[in-house]
Each structure stands twice: as structure tokens, then as C-alpha cells.
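The values are calculated or read from the model by the stated rules, or taken from the named source; none is laboratory data. Remember, predicted model here, so these are calculated numbers, not experimental data. Heads up, the Cβs are rebuilt from the backbone with ideal geometry, glycines too, and the neighbour counts pull from every protein chain shown.
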Amino acid sequence: MIRTRRTGRGHAPRGGRGAAATVAAVAVLALTAVTAGCEPQAAGSTPSAPTPVPVSGTPTDDAEPGTGEPTTTPPSASAEPSAPSTSAPPPDPQGKVLMASGAQGKQVRELQARLRQIGHFDRSPTGYYGTVTVASVQSFQGKRGLSRTGKADTLTWQKLLGMTHEPTAAELNPPTTRPVAKPDKRCMTGRVICISKNSRSLSWMIDGTVLSSMDVRFGSQYTPTREGTFSVYWKSRHHVSTLYDSPMPYAMFFSGGQAVHYSSDFAARGYNGASHGCVNVRDEGKIASLFAQVRKGDKVVVYG
């Protein structure tokens, strides 16, 4: 309700300029309400929901970034609904798809382990069918003259089974994140801690047989881990670095102040960090077992 300003003895102005001003004020308020996109609400009333406005056409995926509003494509005036296709899709010549991108589980792990046996999968099985597995399957299919779909269909699976053996427990769940490198020839005789910088793995070997393996990391470019053939000259179960005041449990020293030891930082941060030159081991249980077996004088080989 529009209230008029009281004048004189409390009477509203009559006619003339007063009436014209009142009409003009009402018009301005009405125009303001329209341009603001809302309607004046009476005191205590509940706003009503806006009536949706139908939009013709079908939303597409080319909305402008940040607007949140899809564009629309108006239907053609002459378009007629097409009849549904009654023809079935052609059968896959390679058979039913057993596994594909996004799949996970034991069968995927077996697929990866079998592909790894014949050189088509270059890392430890994960049990997840991702881009690396797709590329590995495509590689295998291309070598066998199959369609490079990247999907493990029945024909691909049968060919793979015929070329590989059933994976062992160690092949399905390797001890290290990355495949253990082929041991350096210096590791093939005697009792050796064989350490590969390339595969970032350590293998405990006796007369050429790998008894255990584990993930390791090395020093940074400013404090590199030395390469070469060494021997364990000191073992310290509860060692603490005198230079950095940091714990070095299960330390086995092989070159100056450099040692193989457990690193809680490696266990927590992975390869995001580096040592001051030592060989850090991620798994405390494995390094504890290794520490118990290694003797003073055992050989240590560090290679690229």
C-alpha cells in the first residue's frame, strides 16, 4: 500500500499536482518491481515458487564454462521420430569380453601376472584394469594377430592361457612395488645384499638364489648413494645418526657412514623424499628379518 505524506491538519492533498504525484509514485514502484524480477510480498505471506518455463530442444554438452546453463538445439520442424532399429549388433569375432578398463579383482591380477610372464606387463600386478593394462593387452593382441581392442575377451584369454603357466603366489603378489631387476653378476655368488637403483629394490641372495626382496630408496643428487662392491662392516640395531640426529633402526653399514636401514619417513612418504646417502627400506618387518640373517663381512653390491 502506498502511503501519502500527511500535510497541514492531517488531510491528504487533493487533486492537482498532489494526485498526479501519487499516480506517478505508484507507477514507478510497479515498474521497479517488474524490472527486479520479483513481486511485492504482503507482510507474513509465503513467496510462491516460480513457474518453470518450458525450453524447447535438447540440452547439449557445450555449455559455456562457469555459466552452468546448457545451450539448446531447437528441434527441426520437419523432423519425424525414427523407428527403433530391429537389427542386432554384429557378434564380436573375438568372443565375449571378460575384463575391460575399470574392472578389478583376482582375475585382473592373474591377467597382469600372465602378461608379465611373457614381457607384456612391466610392473607388479595391481588387480586394477587401468590404462597400463589396456596397453599391455593391446600389445599382446597385436603380436597374436588379434584386434587390438585392449579388452580381455575369450579368444585373447584362451591364447594367453596357452602361452603361460598358472601364476604363483609370489607372481600374483610380488614383494616389491616394481619388478625386481635381474641381479648383477656380482650378486650371483656368496651371501649378498644386491641393490638395484634402477628398479629401486633390494634382494637378499645366497649363491644366486633370491631369498627375499624389498622396496628401497636412495640419497638425493646432493648426497648420492655410492655404487660398487662393499661389505658389511658394522651392524647397529638401535642406531641414531650423529650427523642428523635421526633414527636408523636395523642399520648395516657398508661404506663410510652409508648403511642399509629402516626408514619411518620412507614408510610414511614413499618416494617423495630421499635419504642422505643411505639405502632406506620401507618395510620394517622385512628389514628386521634381513638384519637377523646378515653377518658382518657379507657382500653388498649397489648398481644402477
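When the stretch 209-236 is limited to residues that are exposed (fewer than 12 other Cβ atoms within 10 Å of the Cβ) and in contact (Cβ under 8 Å) with a residue 12 or more places away in the chain, the one that is farthest from the chain's Cα centre (by Cα) turns out to be Trp234. I'd like to know if the stretch 271-280 contains one or more residues that are in a helix (DSSP H, G or I) and either within 18 Å of Thr177 (Cβ to Cβ) or in contact with a strand residue (DSSP E or B) (Cβ under 8 Å, 6 or more places away or on another chain) (or both). Yes, because at least one residue in the stretch 271-280 is in a helix (DSSP H, G or I) and either within 18 Å of Thr177 (Cβ to Cβ) or in contact with a strand residue (DSSP E or B) (Cβ under 8 Å, 6 or more places away or on another chain) (or both). Among residues of the stretch 239-282 being β-branched (Val, Ile, Thr) and over 25 Å from Lys299 (Cβ atoms), the one that is surrounded by the most Cβ atoms within 10 Å (Cβ to Cβ) is Val240. All of (1) of a type in the set (D, E, K, R); (2) modelled with pLDDT of 95 or more; (3) more than 14 Å from Val301 (Cα to Cα) hold for Arg191 with one exception: (3).
Apart from one condition, Asp122 fits all of (1) part of a helix (DSSP H, G or I); (2) surrounded by fewer than 15 Cβ atoms within 10 Å (Cβ to Cβ); (3) not basic (Lys, Arg); the exception is (1). Sub-6 Å Cβ pairs linking a first residue in the stretch 114-137 that is on the phi > 0 side of the Ramachandran plot to a second residue that is in a helix (DSSP H, G or I) and crowded, with 18+ Cβ neighbours inside 10 Å, at least 6 apart or interchain, are Gly127/Val108; Gly127/Arg109, ordered by first then second residue. Candidates in the stretch 152-171 are the residues that are surrounded by fewer than 18 Cβ atoms within 10 Å (Cβ to Cβ) and within 30 Å of Arg217 (Cβ to Cβ); of these, the one that is modelled with the highest pLDDT is Thr168. Being outside any helix (DSSP H, G or I) and surrounded by 15 or more Cβ atoms within 10 Å (Cβ to Cβ) is the filter here; which residues of the stretch 134-147 pass it? Of everything in the stretch 134-147, those that are outside any helix (DSSP H, G or I) and surrounded by 15 or more Cβ atoms within 10 Å (Cβ to Cβ) turn out to be Leu146, Ser147.
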